[in-house]
Amino acid sequence: MKSITSYLITFFVILFWLFRVAVALTTSLNVDIGIQPINLTIEIALLFVTLLAIVLIIKRNIIGALIYFGSYTLYFGASAISQIGYLFNGTISMTEGLNLIIAFVAVILSIMVLLDVLLDKVRVGSSSGKNKKTDWFYKNEQFDRKLDERADKNNYRTM
């Protein structure tokens, strides 16, 4: 994670996760804030899956981005598609409208995470062992020191 966009996307993912924790918590405590989870049981399971995916996303692992994209697209995408029909009929309530906006934000955020990890060139764990800053010197034999018979090959140590 070297670019500012990677940091910002990860920051928004964490903020959205905290927001969903707050929504699940207020729903379980029967506090009405105007936003309701689609299914509270699935929402709580999704929060734990998302926590695992966030750790993998921070490590720049493609599996974490795919888990995040798949789970959020299935959970929020299906809700968004079902609520678009209410939007076109004009019979959408304020709670359903807020849930629709949140579903669109979740799907767009999951797409951004997937694209960010896929297009990231610096991934932890997938390096090929090459370092462009030093390999031009250490992997190039023309810069190697040539030793002749006069070279001192002893290793002297001072105590």
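The values are calculated or read from the model by the stated rules, or taken from the named source; none is laboratory data. Quick caveat: nothing in here was measured; it's all calculated off a predicted structure. Cβ atoms come from the backbone with ideal geometry, glycine included; neighbour counts cover every protein chain shown.
A few points about this structure:
- Residues that are under 17 Å from Gln36 (Cα atoms) and aliphatic (A, V, I, L, M), drawn from the stretch 66-80: Ala78, Ala80
- Matching entry among Val55, Val49 (being under 19 Å from the mean Cα position of the chain (by Cα), exposed (fewer than 14 other Cβ atoms within 10 Å of the Cβ) and not hydroxyl-bearing (Ser, Thr, Tyr)): Val55
- Within the stretch 103-133, being polar (S, T, N, Q), closer than 29 Å to Gly77 by Cβ and modelled with pLDDT under 90 holds for one residue alone: Ser126.
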